[in-house]
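One structure below.
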Amino acid sequence: MLNPAETTQAPDVAETPQNSVFIIKDIRPICRARTLRLQTDDAIVAVDGKPFKGDIDLLLDMIFECDPDTGIFLTIFREGSLFHVIARGPLGCAFEFAKPEIADAAIKKLAETTIAPLEDYRIFEVLRDINHKCVVIDTQPTIIAMLASPIWLIQNRLWEVLLAVILIYGATLAVSWMLFVIAVVLLALYFRQAQLTLQRSFNLMRQRQMWMIVAARSLQEVQQVCRQFDPKSTFNPSLVGPPQEEEAKPKKRRRR
C-alpha cells in the first residue's frame, strides 16, 4: 500500500515543467532568421528573458503571435556563449530538441547570466571586414543627426557625406543666407530619416559585411559579445581592450 505522502508528491514532479532548449535545424533561403544572422545549431534557451518551458508548437505560436512593433526577445546559445536578438515575426526555420549535452550547457550558461528588463535593450548591427575590423551601428535614431548633422557625420566617420554637406553649406551661404537656412533644415530632415541607411550603405561600400545583429544595453556589451565569437575583432573606439594577437607563422627556410 502506498504512503499518502508519496501519492501527493508524485503529481508535483510529473507536472513540474522542465526547461526546453531547441536548436535551429534548417533555415529557409529567404527569411527573418537569415536577416538576424542566425545559424543552424543555434539554440533558443529563453524567451522574453525567461527560460522557455514548452514544446515546439508553443514556441512557434509565441513567435508568430508576437507584437510586430515590439517583437519577441530571444536568448540564443552559440558556441558556449549567449546573446540576444529581437524578432518581429516568424523566423522561417525548423526546430528540433537540442542534444542533452547542449541543453545542459545552455541552461547552465543562462543560470549564470543576468538579463536586464527588456525595455533596456536596443538593437545593434555589427559589420565586419576580412581584417576583423568591426563597426557597430545603433539602430535607434538619434536626435544629434538632425540637430548637429556635421558632428554626427564625424562621429560615424562618414567623411564623403560630410564633405558634401560642407560644400552645400558653403554654396548656399555664398548665394543667400535664406537659401542657407533652407538647406540646413532640409538636410536635417533628411538625416533624421536616412541616418541608418547612410551608415549601412557606406560601410558596405568599404567592404564590410553584415556579421551580427544583437540586442544589448550598450556599445560595450555588443563588443563583448563580438569578442566571444571572434577574439581578433577590433573596434574604434574599443571598449573591451586589445584583440587577441595572431600567432607568428614560422618562416620557411630557403633551400639552396
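The values are calculated or read from the model by the stated rules, or taken from the named source; none is laboratory data. It should be emphasised that the depicted structure is a prediction, and the values quoted were computed from it without experimental measurement. We place every Cβ from the backbone using ideal geometry, glycine too, and count neighbours over all the protein chains shown. Ligands, DNA and RNA are excluded from the accessible area calculation, which covers all protein heavy atoms including side chains. Shrake-Rupley method; radii C 1.70, N 1.55, O 1.52, S 1.80 Å.
Here are the numbers for this structure:
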item: Among (1) assigned to a helix (DSSP H, G or I); (2) within 27 Å of residue 74 (Cα to Cα); (3) of a type outside the set (Ser, Thr, Tyr), the one test that residue 240 misses; result: (1)
item: Odd one out for residue 190 among (1) more than 27 Å from residue 37 (Cα to Cα); (2) of a type in the set (Phe, Trp, Tyr); (3) touching a helix residue (DSSP H, G or I) at 6+ places or on another chain (Cβ under 6 Å); result: (3)
item: Lone unmet requirement of (1) hydrophobic (A, V, I, L, M, F, W, C); (2) farther than 21 Å from residue 38 by Cα; (3) modelled with pLDDT under 95 for residue 163; result: (3)
item: Complete set of residues in segment 87-116 that are touching a residue at least 60 places away in the same chain (Cβ under 8 Å) and of a type in the set (Asp, Glu); result: 96
item: Among (1) assigned to a loop (DSSP other than H, G, I, E, B); (2) open to solvent by 20 Å² or more (accessible area, probe 1.4 Å); (3) modelled with pLDDT of 90 or more, the one test that residue 123 misses; result: (1)
item: Subset of segment 57-74 (residues that are open to solvent by less than 10 Å² (accessible area, probe 1.4 Å) and out of contact with any Asp or Glu (no Cβ under 9 Å at 6 or more places or on another chain)); result: 59, 63
item: Tally of residues being in contact (Cβ under 8 Å) with a residue 60 or more places away in the chain and open to solvent by less than 60 Å² (accessible area, probe 1.4 Å) across segment 218-232; result: 6
item: Matching residues, segment 184-203, being among the hydroxyl-bearing types (Ser, Thr, Tyr) and open to solvent by 90 Å² or more (accessible area, probe 1.4 Å); result: 190
